[in-house]
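The values are calculated or read from the model by the stated rules, or taken from the named source; none is laboratory data. Being a predicted model, the structure only gives us computed values, none of them experimental. Every residue, glycine as well, gets a Cβ built from its backbone with ideal geometry; the counts of neighbours run over all protein chains shown.
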């Protein structure tokens, strides 16, 4: 694998989209072949699975079904898009990856970290991000941003207690994988957040 793989994690409303666009511009100016993608999604099949997962009408979805659907979407995404792009030496920036499943299904849904990680090990084919930026913001602030910006999906509609558990999960992963997961205060200005991100990218990847 000769490419670069960077993921962004954090609650919806934490500003991931804005920072991904800035990082895309940075890599473009450096002459990289860039791939911007997201999870769940990133391929035609994965996007179809995404629509099922996030459909607000699917209120009867079992938590194990949910976890397996995320893993299925990811398996297709890795096989069809991420792995080939890494082999081609591209710079990949992905909005969410396995960490989201671990915190949302493993912790938020109480399925357990080990179970969810096990489900996803086959899906990822051993591929891990070089850097994961965790944009940290309290769930209540993030949800306020989300509700005021666009339509909310099935997971957004969960109780605040669920989102609080997910956020605690993110903080736990940050401690478990300190070399890979870089936590950034998402309540700072766009410019301040970007300054921290570009400092890490330029130092870690020598770009």
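Here's the yes/no breakdown for (1) assigned to a helix (DSSP H, G or I); (2) surrounded by fewer than 21 Cβ atoms within 10 Å (Cβ to Cβ); (3) under 16 Å from the mean Cα position of the chain (by Cα); (4) at pLDDT below 95:
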residue: 71; (1), (2), (3), (4): yes, no, yes, no
residue: 79; (1), (2), (3), (4): yes, yes, no, no
residue: 83; (1), (2), (3), (4): yes, yes, no, no
residue: 86; (1), (2), (3), (4): yes, yes, no, no
residue: 94; (1), (2), (3), (4): no, no, yes, no
residue: 99; (1), (2), (3), (4): yes, no, yes, no
residue: 102; (1), (2), (3), (4): yes, no, yes, no
residue: 120; (1), (2), (3), (4): yes, no, yes, no
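Assess whether residue 38 counts as being surrounded by 15 or more Cβ atoms within 10 Å (Cβ to Cβ) and either closer than 29 Å to residue 197 by Cα or touching a residue at least 24 places away in the same chain (Cβ under 8 Å) (or both).
On the way: surrounded by 15 or more Cβ atoms within 10 Å (Cβ to Cβ): yes; either closer than 29 Å to residue 197 by Cα or touching a residue at least 24 places away in the same chain (Cβ under 8 Å) (or both): yes.
In short, yes.
Out of 49, 64, report the one residue that is more than 29 Å from residue 198 (Cα to Cα), in contact with a helix residue (DSSP H, G or I) (Cβ under 8 Å, 6 or more places away or on another chain) and not in a strand (DSSP E or B).
Numbers: 64 fails: in contact with a helix residue (DSSP H, G or I) (Cβ under 8 Å, 6 or more places away or on another chain).
Unique residue meeting the criteria: 49.
Run residue 4 past the list (1) without any contact (Cβ under 8 Å) to a residue 40 or more places away in the chain; (2) crowded, with 16+ Cβ neighbours inside 10 Å and report the number of the one that doesn't hold.
Among (1) without any contact (Cβ under 8 Å) to a residue 40 or more places away in the chain; (2) crowded, with 16+ Cβ neighbours inside 10 Å, residue 4 violates only (1).
Residue by residue through segment 21-35, note down the ones that are crowded, with 20+ Cβ neighbours inside 10 Å and touching a residue at least 60 places away in the same chain (Cβ under 8 Å). Steps first, please.
Restricting attention to segment 21-35, the residues satisfying the condition of being crowded, with 20+ Cβ neighbours inside 10 Å are 23, 27, 35.
Once the filter is applied, which keeps residues that are crowded, with 20+ Cβ neighbours inside 10 Å and touching a residue at least 60 places away in the same chain (Cβ under 8 Å), segment 21-35 yields 23, 27.
Quickly run through segment 1-35 and pick out the residues that are outside any helix (DSSP H, G or I), in contact with a strand residue (DSSP E or B) (Cβ under 9 Å, 6 or more places away or on another chain) and more than 15 Å from residue 133 (Cα to Cα). Walk me through it before giving the result.
First, pick out the residues of segment 1-35 that are outside any helix (DSSP H, G or I): 1-15, 30-35.
Next, from what is left, pick out any that are in contact with a strand residue (DSSP E or B) (Cβ under 9 Å, 6 or more places away or on another chain): 3-11, 14-15, 30, 32-35.
Listed by number, the residues that qualify are 3, 30, 32, 33, 34, 35.
When segment 153-179 is examined, which residues are found to be outside any helix (DSSP H, G or I) and either touching a residue at least 40 places away in the same chain (Cβ under 8 Å) or farther than 25 Å from residue 55 by Cβ (or both)?
Within segment 153-179, 153, 154, 155, 156, 157, 158, 177, 178, 179 qualify.
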